[in-house]
Amino acid sequence: MRKLYAISEGKIIEVTDEIGCVVEAYFQPTIEEKKVLIEKYQIDEHTLNSALDPDELPRVEQEQNHWALIVKKPKNYSAYDEYHFKIVSIGIFLFSGKVIIVSNEQTTLFSQKPQIALISPPDVVLRVIYNCISHFVEHLKIINLVAEEVETKINRSLENKYLINLFALEKSLVYYLNAIHGNGLILTKLRASAERIGFSQEGKEFLDDLIVDNEQCLKVADIHSTVLSNLMDARASIVSNNLNVLMKILNIITIALMVPTFIVSLFSMNVPIPFQHYPITFYAILVSCVISAIIVLLIFFRYKEM
(Lines give C-alpha, C1' and ligand atoms only; values in the text may rest on other atoms or scores of the structure.)
Protein backbone atom coordinates (compact mmCIF):
# COMPACT_ATOMS: atom_id res chain seq x y z
CA MET A 1 0.00 0.00 0.00
CA ARG A 2 1.31 3.42 -0.98
CA LYS A 3 0.41 6.69 0.73
CA LEU A 4 1.48 10.21 -0.14
CA TYR A 5 1.97 13.10 2.28
CA ALA A 6 2.69 16.80 1.88
CA ILE A 7 3.70 19.61 4.23
CA SER A 8 1.08 22.32 4.68
CA GLU A 9 1.34 25.15 7.23
CA GLY A 10 3.88 23.23 9.28
CA LYS A 11 1.78 20.07 9.40
CA ILE A 12 1.82 16.79 7.54
CA ILE A 13 -1.27 15.97 5.51
CA GLU A 14 -2.19 13.03 3.32
CA VAL A 15 -2.63 13.81 -0.39
CA THR A 16 -3.55 11.87 -3.50
CA ASP A 17 -1.37 13.69 -6.02
CA GLU A 18 2.40 13.47 -6.33
CA ILE A 19 2.57 17.21 -6.97
CA GLY A 20 3.89 18.77 -3.77
CA CYS A 21 4.37 15.34 -2.23
CA VAL A 22 7.21 15.27 0.29
CA VAL A 23 6.70 11.84 1.87
CA GLU A 24 6.02 8.51 0.17
CA ALA A 25 5.06 5.71 2.56
CA TYR A 26 4.97 2.07 1.47
CA PHE A 27 3.25 -0.42 3.77
CA GLN A 28 3.85 -4.08 2.93
CA PRO A 29 5.25 -3.11 -0.49
CA THR A 30 4.64 -5.41 -3.41
CA ILE A 31 7.34 -6.71 -5.73
CA GLU A 32 6.52 -3.98 -8.25
CA GLU A 33 6.79 -1.26 -5.59
CA LYS A 34 10.12 -2.64 -4.41
CA LYS A 35 11.36 -2.59 -7.98
CA VAL A 36 10.37 1.08 -8.31
CA LEU A 37 12.19 1.98 -5.10
CA ILE A 38 15.34 0.18 -6.21
CA GLU A 39 15.40 1.46 -9.79
CA LYS A 40 13.91 4.93 -9.48
CA TYR A 41 15.36 6.01 -6.14
CA GLN A 42 18.48 3.79 -6.23
CA ILE A 43 17.77 2.31 -2.81
CA ASP A 44 20.01 -0.61 -2.01
CA GLU A 45 18.05 -3.87 -2.23
CA HIS A 46 19.68 -5.31 0.89
CA THR A 47 18.87 -2.17 2.89
CA LEU A 48 15.29 -2.23 1.61
CA ASN A 49 14.82 -5.85 2.65
CA SER A 50 16.42 -5.08 6.02
CA ALA A 51 13.85 -2.33 6.58
CA LEU A 52 11.12 -4.97 6.23
CA ASP A 53 12.80 -7.41 8.62
CA PRO A 54 11.53 -7.11 12.23
CA ASP A 55 14.75 -8.66 13.54
CA GLU A 56 17.06 -6.18 11.82
CA LEU A 57 19.18 -3.99 14.07
CA PRO A 58 18.57 -0.22 14.05
CA ARG A 59 21.18 1.69 12.08
CA VAL A 60 21.84 4.78 9.98
CA GLU A 61 23.95 4.83 6.81
CA GLN A 62 24.92 7.48 4.31
CA GLU A 63 24.38 6.33 0.76
CA GLN A 64 25.41 8.04 -2.46
CA ASN A 65 22.30 10.22 -2.82
CA HIS A 66 20.42 9.71 0.42
CA TRP A 67 20.53 8.75 4.10
CA ALA A 68 19.14 5.34 5.07
CA LEU A 69 17.75 4.79 8.57
CA ILE A 70 16.21 1.70 10.15
CA VAL A 71 14.34 2.50 13.36
CA LYS A 72 12.28 0.33 15.68
CA LYS A 73 8.67 0.74 16.69
CA PRO A 74 6.23 -1.41 18.70
CA LYS A 75 3.95 -3.59 16.63
CA ASN A 76 0.25 -2.91 16.95
CA TYR A 77 -0.95 -5.28 19.66
CA SER A 78 -3.85 -7.66 19.11
CA ALA A 79 -5.52 -10.34 21.23
CA TYR A 80 -3.93 -13.04 19.06
CA ASP A 81 -0.45 -12.03 20.26
CA GLU A 82 -1.19 -13.53 23.72
CA TYR A 83 0.80 -11.00 25.78
CA HIS A 84 3.68 -10.93 23.29
CA PHE A 85 4.48 -7.30 22.48
CA LYS A 86 6.48 -7.40 19.27
CA ILE A 87 8.72 -5.01 17.36
CA VAL A 88 8.60 -3.87 13.74
CA SER A 89 11.23 -2.12 11.65
CA ILE A 90 10.65 1.11 9.75
CA GLY A 91 12.95 2.12 6.92
CA ILE A 92 13.42 5.86 6.38
CA PHE A 93 15.27 7.04 3.27
CA LEU A 94 16.02 10.75 3.37
CA PHE A 95 16.68 12.47 0.04
CA SER A 96 17.37 16.14 -0.57
CA GLY A 97 13.72 16.94 -1.19
CA LYS A 98 11.79 13.81 -0.28
CA VAL A 99 11.41 11.12 2.38
CA ILE A 100 10.65 7.49 1.53
CA ILE A 101 9.24 5.41 4.39
CA VAL A 102 8.93 1.62 4.17
CA SER A 103 7.34 -0.73 6.69
CA ASN A 104 6.11 -4.29 6.66
CA GLU A 105 3.06 -3.34 8.72
CA GLN A 106 0.28 -0.80 8.39
CA THR A 107 1.16 1.64 11.15
CA THR A 108 0.72 5.25 12.18
CA LEU A 109 3.75 7.32 11.21
CA PHE A 110 2.93 10.74 12.58
CA SER A 111 1.66 11.67 16.02
CA GLN A 112 -1.09 14.24 16.37
CA LYS A 113 0.63 15.86 19.34
CA PRO A 114 2.15 19.26 18.61
CA GLN A 115 5.92 19.31 18.07
CA ILE A 116 8.09 21.45 15.86
CA ALA A 117 6.58 22.98 12.76
CA LEU A 118 7.48 20.94 9.69
CA ILE A 119 9.58 22.83 7.17
CA SER A 120 11.87 20.37 5.44
CA PRO A 121 12.19 16.57 4.92
CA PRO A 122 14.67 16.20 7.84
CA ASP A 123 11.94 17.51 10.15
CA VAL A 124 9.68 14.71 8.90
CA VAL A 125 12.29 12.16 9.95
CA LEU A 126 12.29 13.58 13.47
CA ARG A 127 8.51 13.42 13.60
CA VAL A 128 8.56 9.73 12.65
CA ILE A 129 11.18 8.95 15.32
CA TYR A 130 9.20 10.96 17.88
CA ASN A 131 6.13 8.87 17.09
CA CYS A 132 8.15 5.69 17.61
CA ILE A 133 9.34 6.87 21.04
CA SER A 134 5.82 7.91 22.04
CA HIS A 135 4.52 4.52 20.96
CA PHE A 136 7.11 2.79 23.14
CA VAL A 137 6.12 4.91 26.14
CA GLU A 138 2.43 4.08 25.68
CA HIS A 139 3.16 0.36 25.35
CA LEU A 140 5.29 0.39 28.50
CA LYS A 141 2.34 1.80 30.42
CA ILE A 142 0.10 -0.92 29.01
CA ILE A 143 2.64 -3.64 29.85
CA ASN A 144 2.83 -2.38 33.43
CA LEU A 145 -0.96 -2.48 33.80
CA VAL A 146 -1.19 -5.93 32.22
CA ALA A 147 1.61 -7.23 34.46
CA GLU A 148 -0.22 -6.04 37.59
CA GLU A 149 -3.40 -7.75 36.41
CA VAL A 150 -1.57 -11.01 35.71
CA GLU A 151 0.17 -10.83 39.10
CA THR A 152 -3.21 -10.56 40.83
CA LYS A 153 -4.45 -13.62 38.95
CA ILE A 154 -1.32 -15.56 39.88
CA ASN A 155 -1.91 -14.85 43.57
CA ARG A 156 -5.39 -16.36 43.31
CA SER A 157 -4.91 -19.16 40.81
CA LEU A 158 -2.80 -22.27 40.35
CA GLU A 159 -2.94 -22.27 36.55
CA ASN A 160 0.33 -22.17 34.65
CA LYS A 161 -1.04 -19.95 31.89
CA TYR A 162 -0.71 -16.83 34.03
CA LEU A 163 2.95 -17.58 34.69
CA ILE A 164 3.42 -18.13 30.97
CA ASN A 165 1.78 -14.76 30.30
CA LEU A 166 4.19 -13.13 32.73
CA PHE A 167 7.13 -14.79 31.00
CA ALA A 168 5.83 -13.43 27.68
CA LEU A 169 5.74 -9.90 29.11
CA GLU A 170 9.27 -10.29 30.44
CA LYS A 171 10.47 -11.47 27.03
CA SER A 172 8.74 -8.53 25.36
CA LEU A 173 10.50 -6.08 27.66
CA VAL A 174 13.88 -7.54 26.71
CA TYR A 175 13.14 -6.88 23.03
CA TYR A 176 11.84 -3.42 23.89
CA LEU A 177 15.06 -2.60 25.73
CA ASN A 178 17.14 -3.66 22.75
CA ALA A 179 14.97 -1.67 20.31
CA ILE A 180 14.90 1.50 22.41
CA HIS A 181 18.66 1.33 22.92
CA GLY A 182 19.13 0.94 19.15
CA ASN A 183 16.94 3.98 18.48
CA GLY A 184 19.06 5.92 20.94
CA LEU A 185 22.20 5.09 18.97
CA ILE A 186 20.52 6.36 15.80
CA LEU A 187 19.57 9.63 17.49
CA THR A 188 23.16 10.08 18.65
CA LYS A 189 24.47 9.54 15.11
CA LEU A 190 21.89 11.94 13.70
CA ARG A 191 22.98 14.58 16.20
CA ALA A 192 26.61 14.12 15.22
CA SER A 193 25.70 14.44 11.51
CA ALA A 194 23.09 17.18 11.94
CA GLU A 195 24.99 19.67 9.78
CA ARG A 196 25.49 17.28 6.87
CA ILE A 197 21.90 16.05 6.99
CA GLY A 198 20.59 19.62 7.00
CA PHE A 199 18.67 19.95 10.25
CA SER A 200 17.53 23.45 11.13
CA GLN A 201 18.38 25.01 14.48
CA GLU A 202 14.91 24.19 15.75
CA GLY A 203 15.34 20.67 14.42
CA LYS A 204 18.62 20.27 16.32
CA GLU A 205 16.96 21.37 19.55
CA PHE A 206 14.11 18.95 18.94
CA LEU A 207 16.66 16.22 18.24
CA ASP A 208 18.26 16.92 21.63
CA ASP A 209 14.82 16.59 23.24
CA LEU A 210 14.30 13.27 21.45
CA ILE A 211 17.58 11.96 22.83
CA VAL A 212 16.46 12.84 26.37
CA ASP A 213 12.99 11.34 25.83
CA ASN A 214 14.48 8.13 24.48
CA GLU A 215 16.84 7.86 27.46
CA GLN A 216 13.91 8.26 29.84
CA CYS A 217 11.94 5.65 27.91
CA LEU A 218 14.93 3.30 28.12
CA LYS A 219 15.17 3.77 31.90
CA VAL A 220 11.45 3.09 32.35
CA ALA A 221 11.70 -0.08 30.27
CA ASP A 222 14.76 -1.18 32.25
CA ILE A 223 12.96 -0.62 35.56
CA HIS A 224 9.92 -2.62 34.43
CA SER A 225 12.14 -5.41 33.12
CA THR A 226 14.23 -5.56 36.31
CA VAL A 227 11.20 -5.58 38.62
CA LEU A 228 9.42 -8.22 36.56
CA SER A 229 12.53 -10.39 36.35
CA ASN A 230 13.34 -10.18 40.07
CA LEU A 231 9.80 -11.04 41.13
CA MET A 232 9.35 -14.04 38.84
CA ASP A 233 10.78 -16.42 41.49
CA ALA A 234 8.43 -14.92 44.06
CA ARG A 235 5.47 -15.49 41.76
CA ALA A 236 6.50 -19.13 41.28
CA SER A 237 6.84 -19.51 45.06
CA ILE A 238 3.34 -18.11 45.53
CA VAL A 239 1.93 -20.66 43.10
CA SER A 240 3.81 -23.45 44.88
CA ASN A 241 2.60 -22.24 48.27
CA ASN A 242 -1.01 -22.07 47.03
CA LEU A 243 -0.67 -25.66 45.84
CA ASN A 244 0.69 -26.75 49.23
CA VAL A 245 -2.20 -25.07 51.04
CA LEU A 246 -4.70 -26.78 48.75
CA MET A 247 -3.06 -30.18 49.24
CA LYS A 248 -3.10 -29.64 53.01
CA ILE A 249 -6.85 -28.92 52.95
CA LEU A 250 -7.48 -32.01 50.83
CA ASN A 251 -5.44 -34.14 53.22
CA ILE A 252 -7.39 -32.84 56.21
CA ILE A 253 -10.67 -33.67 54.47
CA THR A 254 -9.38 -37.13 53.53
CA ILE A 255 -8.23 -37.94 57.07
CA ALA A 256 -11.45 -36.56 58.57
CA LEU A 257 -13.41 -38.97 56.36
CA MET A 258 -11.22 -41.97 57.13
CA VAL A 259 -12.41 -42.34 60.75
CA PRO A 260 -16.15 -42.35 59.91
CA THR A 261 -15.39 -44.73 57.03
CA PHE A 262 -13.64 -47.08 59.45
CA ILE A 263 -16.61 -47.02 61.85
CA VAL A 264 -19.13 -47.72 59.11
CA SER A 265 -16.93 -50.50 57.67
CA LEU A 266 -16.57 -52.06 61.08
CA PHE A 267 -20.33 -52.30 61.60
CA SER A 268 -20.93 -53.45 58.01
CA MET A 269 -19.17 -56.80 58.36
CA ASN A 270 -21.10 -59.84 57.24
CA VAL A 271 -20.68 -61.52 60.66
CA PRO A 272 -22.57 -61.23 63.91
CA ILE A 273 -21.82 -57.93 65.64
CA PRO A 274 -22.95 -56.36 68.92
CA PHE A 275 -26.21 -54.39 69.00
CA GLN A 276 -27.20 -55.53 65.51
CA HIS A 277 -30.77 -56.30 66.68
CA TYR A 278 -31.41 -52.86 68.15
CA PRO A 279 -33.17 -50.31 65.83
CA ILE A 280 -31.29 -47.43 67.42
CA THR A 281 -27.91 -48.90 66.41
CA PHE A 282 -28.03 -47.27 62.93
CA TYR A 283 -28.50 -43.80 64.40
CA ALA A 284 -25.82 -44.43 67.00
CA ILE A 285 -23.34 -45.34 64.26
CA LEU A 286 -24.34 -42.24 62.28
CA VAL A 287 -23.82 -39.95 65.28
CA SER A 288 -20.48 -41.64 66.03
CA CYS A 289 -19.31 -40.92 62.47
CA VAL A 290 -20.22 -37.24 62.73
CA ILE A 291 -18.62 -36.84 66.15
CA SER A 292 -15.42 -38.58 65.05
CA ALA A 293 -15.14 -36.32 61.97
CA ILE A 294 -15.64 -33.21 64.14
CA ILE A 295 -13.02 -34.39 66.62
CA VAL A 296 -10.46 -34.93 63.85
CA LEU A 297 -11.13 -31.47 62.41
CA LEU A 298 -10.81 -29.87 65.84
CA ILE A 299 -7.48 -31.59 66.36
CA PHE A 300 -6.17 -30.25 63.03
CA PHE A 301 -7.42 -26.71 63.69
CA ARG A 302 -5.83 -26.75 67.16
CA TYR A 303 -2.57 -27.97 65.63
CA LYS A 304 -2.74 -25.18 63.08
CA GLU A 305 -3.02 -22.53 65.81
CA MET A 306 -0.02 -23.86 67.74
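The values are calculated or read from the model by the stated rules, or taken from the named source; none is laboratory data. No experiment lies behind these values; they were computed from the predicted model shown. Ideal geometry is used to build each Cβ from the backbone, glycine not excepted, and the neighbour counts take in all protein chains shown.
Across the range 195-216, the qualifying residues are those that are within 33 Å of the chain's Cα centre (by Cα) and within 12 Å of PRO122 (Cα to Cα), and the one among them that is surrounded by the fewest Cβ atoms within 10 Å (Cβ to Cβ) is LYS204. Of HIS139, HIS181, all but one fail to be part of a helix (DSSP H, G or I) and touching a strand residue (DSSP E or B) at 6+ places or on another chain (Cβ under 9 Å); the exception is HIS139. Looking at the range 171-213, which of the residues that are acidic (Asp, Glu) and modelled with pLDDT under 90 is farthest from ILE133 (Cα to Cα)? Ranking the qualifying residues of the range 171-213, first place goes to GLU195.
Against the conditions (1) touching a residue at least 60 places away in the same chain (Cβ under 8 Å); (2) over 20 Å from ARG127 (Cα atoms), ASP53 satisfies every one except (1). Would you check if there is a residue in the range 245-259 being under 23 Å from the mean Cα position of the chain (by Cα) and among the hydrophobic types (A, V, I, L, M, F, W, C)? So far as the range 245-259 goes, no, none of its residues is under 23 Å from the mean Cα position of the chain (by Cα) and among the hydrophobic types (A, V, I, L, M, F, W, C). In the range 1-112, counting only strands (runs of 3 or more DSSP E) that sit wholly within it, the ones holding 2 or more residues that are within 30 Å of the chain's Cα centre (by Cα) and closer than 17 Å to ILE186 by Cβ span 59-62, 67-74, 87-94, 99-103. Would you say TYR162 is in the same structural domain as PHE136 (by TED's automatic domain parsing), in a helix (DSSP H, G or I), modelled with pLDDT of 90 or more and not aliphatic (A, V, I, L, M)? No: the conditions fail for TYR162.
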